[in-house]
Amino acid sequence: MPITDPFDKEAQKKRKFDPRRERDFPADEPSRAYKVALVISLILLILAGAGWLFLKLDGIEQAKKVFPQDEEAQVVKKAREEAYCFNPSDPNRPLPEGTTMSCDTDQPGQCSPGHKICKKNGSWSSCKPMLLPEPERCCDGLDNDCNGVVDDDCPEVTAEICDGMDNDCDFSVDEGCPCQDEEARECGEQHTGLQLCKKSTWSECLVEICDGVDNNENGQIDEGCYCQPGATMACTVDASGICSAGEVVCMADGNWSERCNPITAPLPEDCSDGLDNDCDGWTDCTDQDCKSDPDCDPPSA
C-alpha cells in the first residue's frame, strides 16, 4: 500500500475505505462524540460553580446568624472594649493599672472632657470630668456652669461704658475711661485728700478728719491725727499757785492747741490750806493778805 503524506489533505480524502475501521472521518474534524462530551463537561462545570456559590452565600448567612456582625453586635463589642482596659499592642492583656485615658462624660459645656483610670481588675473607672461646674464667666464663649447654655445670665454685649464691666466683651474692662477701679490718687490742699476710682470714675476728694472714721476709705482711721478733736491734756501755765494748772485742747485738724489755757482763776488767799490761792507767789501767812489773820499773829513774849 502506498504511503500517503499525513499533511496532504487531498490524498487523505481520496484514500480508499478500509472496512476494518469503525468509521472513516476526515483527519482534521473532531468527532461528534467529542463535541457532545465537551458540551456536557461545560454544563457540569457551570452547575458545579453555581452550586459552590450558592453554598458560599448560604454559609455566610448562616455564619451571620451564629456570629452576628450587624450594628447592634458592633455596639456591644465596642462597649465591652470600652469597659475593658483594651491594650492595642497586646489584646490578651489589659493596660497597666493606673493608666489614664481621655473620655467623654456626656455632660454639657466644660464638664464634657474627662478621664478614666484603669483599675486593678483590668476594667475602666467611670469617666470623671476634668473641670467642675463654676459660675458663668461672661464673654469667654464657654458653658462654665455646665447647664448647656453658653454665657447665660450675662448682660447684652454693648459699647463699653465706665461701669466696672466688660460691656463689649473684648476682655478689657472700661478701656478709654478716666480710671480703673481700685485706683487711688492724692487730692486737695497739700495732697491731704484722696480720690478713689469707682466704676471707672473718680470720686470726690475725700479728706481724712480726726473723728474715729476712715473718711478717705484707705483702710486707716485718722491717719496723721495726734488726737481726737475736743480731747484735752494737762499742761503748766507760766503762773504761780493754783493758776499754773492748765490744759491744751485737740483742734479739729487733730493737733493740740499751741496755748496752754489755765483752768483755775485766782481766788482769795486761804491762810491755812498751804496753797497760793491768789496766784501772787505767796502762800498762807507769808502772803500780805494774811497779816491780819489770827492764825498768823506772832506769839507773845
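The values are calculated or read from the model by the stated rules, or taken from the named source; none is laboratory data. Here the structure is a predicted model, which is why all the values come from computation and not from measurement. In this analysis, Cβ positions are derived from the backbone assuming ideal geometry, glycine residues included, and neighbour counts consider all displayed protein chains.
If you check Ser123, Ser172 for being surrounded by fewer than 14 Cβ atoms within 10 Å (Cβ to Cβ), farther than 30 Å from Cys205 by Cβ and among the polar types (S, T, N, Q), only one passes: Ser123.
Note on the range 194-216: residues that are crowded, with 18+ Cβ neighbours inside 10 Å and acidic (Asp, Glu) total 1.
Against the numbered list (1) under 30 Å from Thr192 (Cβ atoms); (2) free of Cβ contacts under 8 Å to residues at least 24 places away in the same chain, Gly254 comes up short only at (2). Say whether the condition of being closer than 30 Å to Val248 by Cβ and crowded, with 17+ Cβ neighbours inside 10 Å is met by at least one residue in the range 175-193. Within the range 175-193 (the criterion being closer than 30 Å to Val248 by Cβ and crowded, with 17+ Cβ neighbours inside 10 Å), the answer is yes, since at least one residue qualifies. Please determine whether any residue of the range 227-238 is among the charged types (D, E, K, R) and either touching a strand residue (DSSP E or B) at 6+ places or on another chain (Cβ under 8 Å) or crowded, with 17+ Cβ neighbours inside 10 Å (or both). For the range 227-238, residues among the charged types (D, E, K, R) and either touching a strand residue (DSSP E or B) at 6+ places or on another chain (Cβ under 8 Å) or crowded, with 17+ Cβ neighbours inside 10 Å (or both): absent.
Scanning the range 132-149 for residues that are surrounded by 16 or more Cβ atoms within 10 Å (Cβ to Cβ) and farther than 20 Å from Asp170 by Cα yields a count of 3. Taking first residues from the range 261-273 that are at pLDDT below 90 and partners that are aromatic (Phe, Trp, Tyr) and in a loop (DSSP other than H, G, I, E, B), the Cβ contacts under 8 Å between residues at least 6 apart in sequence or on separate chains come to Glu269/Trp282.
Among Cys154, Cys225, which is more than 31 Å from the chain's Cα centre (by Cα) and modelled with pLDDT under 85? Walk me through it before giving the result.
Numbers: Cys154 fails: more than 31 Å from the chain's Cα centre (by Cα).
After ruling out the rest, the residue left standing is Cys225.
In the condition set (1) without any contact (Cβ under 8 Å) to a residue 12 or more places away in the chain; (2) crowded, with 18+ Cβ neighbours inside 10 Å; (3) of a type outside the set (S, T, N, Q), Pro88 is compliant with all but (2). Residue-level check: of (1) among the acidic types (Asp, Glu); (2) exposed (fewer than 14 other Cβ atoms within 10 Å of the Cβ); (3) modelled with pLDDT under 90, Glu82 misses just (2). Contact map, the range 190-217: first residue of a type in the set (Asp, Glu), second residue modelled with pLDDT under 80 and surrounded by 15 or more Cβ atoms within 10 Å (Cβ to Cβ), Cβ cut-off under 7 Å, separation 6 or more or different chains; pairs are Glu208/Asn215; Glu208/Asn216; Glu208/Asp222.
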